[in-house]
């Protein structure tokens, strides 16, 4: 987590008071990170103890490591209905499922857990919308039981351990080092369908705020601001960083065929993926120049928050909160963005129309921050929303420091 922003706010009490405030906030975060880590360790141990030996063998992985090759499996993540690695909910007894959900909830705010539980349930809705017929090479193509949980290392107060929960449109990745939560990214949530009818006027929209606040913000821009923020008038088919373990300068959007654990060998499934990629590219009209325009860069593209007015800045803060407040109180870096200096470093980039119901993509990027959102597939009714820390996803930085401190 980036804690540099705590000292960036303005304090009427002067530099000394600001320093004291920052120190209190840092101490509060450390306490929260320890409290949450303790709950995670307790929940993880209870879940693992409930498993049969065969289940436990699949449910556990190697302890987190600063060595990328040794740590490769922990750093794999997906948001497609592929094998995410671990024991699925469907393979567990009800009591085991409940313990699994307790671990998942330990790493989320209440709103975050409700959103995740809703997304899991949407697989039933999607199955119905697709005529109960989609086949992904398994008995049921859309299956709320196909969400995987795996613990890496030994949960406890010392050393490093972590856990991952993932399935279609969910990927949660947590690292704990010496009894402190040190990383909660990548954190991906999606919704397909993004909008579903309910028995009442408001529809079901699990990611409504992540889209509506962004659209409100970009529609509030004056022509000069919009000229900097809007990179293209058409949206890409997916988030640009995809499910890469690390993001790098120049990364371009991955095709659907590249975001699964392994390539499809069955001709029917391989053809379906290829057709989906081709149809998406035809729909958005993207060529090489367009993909280059949206490519990730070390220096953020788009409009900096320093060029926003006061009301626009508050909209941006509210939008950031829909991502950073997925995690429990005290772990979120949202407080950092109350400081003007930290917020100034965040850039907004947009691609696509700004009218409701149209395909859209946006990116929020700054120091220790990469947020991407798209709602383009299924006629703009299939949304992806990911929060990342490019410098420290999976706790890269913390693991290196921990290794240096304990293996001299």
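Just to verify a result, which residue in the stretch 130-149, among those that are under 15 Å from residue 192 (Cα atoms) and touching a helix residue (DSSP H, G or I) at 6+ places or on another chain (Cβ under 9 Å), is surrounded by the fewest Cβ atoms within 10 Å (Cβ to Cβ)?
So, considering only residues that are under 15 Å from residue 192 (Cα atoms) and touching a helix residue (DSSP H, G or I) at 6+ places or on another chain (Cβ under 9 Å), the one surrounded by the fewest Cβ atoms within 10 Å (Cβ to Cβ) is 134.
Within the stretch 55-63, does at least one residue satisfy the condition of being out of contact with any strand residue (DSSP E or B) (no Cβ under 8 Å at 6 or more places or on another chain), in a helix (DSSP H, G or I) and not assigned by TED's automatic domain parsing to the domain that holds residue 263?
yes
Quick grid of which residues meet (1) surrounded by fewer than 20 Cβ atoms within 10 Å (Cβ to Cβ); (2) more than 13 Å from residue 150 (Cα to Cα); (3) modelled with pLDDT of 95 or more:
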residue: 28; (1), (2), (3): yes, yes, no
residue: 38; (1), (2), (3): yes, yes, yes
residue: 53; (1), (2), (3): yes, yes, yes
residue: 73; (1), (2), (3): yes, no, yes
residue: 87; (1), (2), (3): no, no, yes
residue: 94; (1), (2), (3): yes, yes, yes
residue: 106; (1), (2), (3): no, yes, yes
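To keep it simple, each residue is scored yes or no on (1) in contact with a helix residue (DSSP H, G or I) (Cβ under 6 Å, 6 or more places away or on another chain); (2) touching a residue at least 12 places away in the same chain (Cβ under 8 Å); (3) farther than 30 Å from residue 368 by Cα.
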residue	(1), (2), (3)
246	no, yes, no
250	no, yes, no
257	yes, yes, no
266	no, yes, yes
282	no, no, yes
285	no, yes, yes
290	no, yes, no
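Just checking, how many residues over the stretch 299-330 are assigned to a loop (DSSP other than H, G, I, E, B), under 22 Å from the mean Cα position of the chain (by Cα) and at pLDDT 95 or above?
Total satisfying the criteria: 8.
Could you list, ordered by first residue, the pairs with Cβ atoms under 9 Å in which the first is in the stretch 217-230 and closer than 12 Å to residue 302 by Cβ and not assigned by TED's automatic domain parsing to the domain that holds residue 351 and the second is part of a loop (DSSP other than H, G, I, E, B) and modelled with pLDDT under 95, at least 6 apart or interchain?
none
Restricting the search to the stretch 332-342, which residues are buried (at least 23 other Cβ atoms within 10 Å of the Cβ) and over 15 Å from the mean Cα position of the chain (by Cα)?
Residues satisfying the conditions are 336, 337, 342.
The values are calculated or read from the model by the stated rules, or taken from the named source; none is laboratory data. Bear in mind the structure is a predicted one, so any value in this text is a computation, not a measurement. Glycine also receives a Cβ, built like all others from the backbone with ideal geometry; neighbour counts cover every protein chain displayed.
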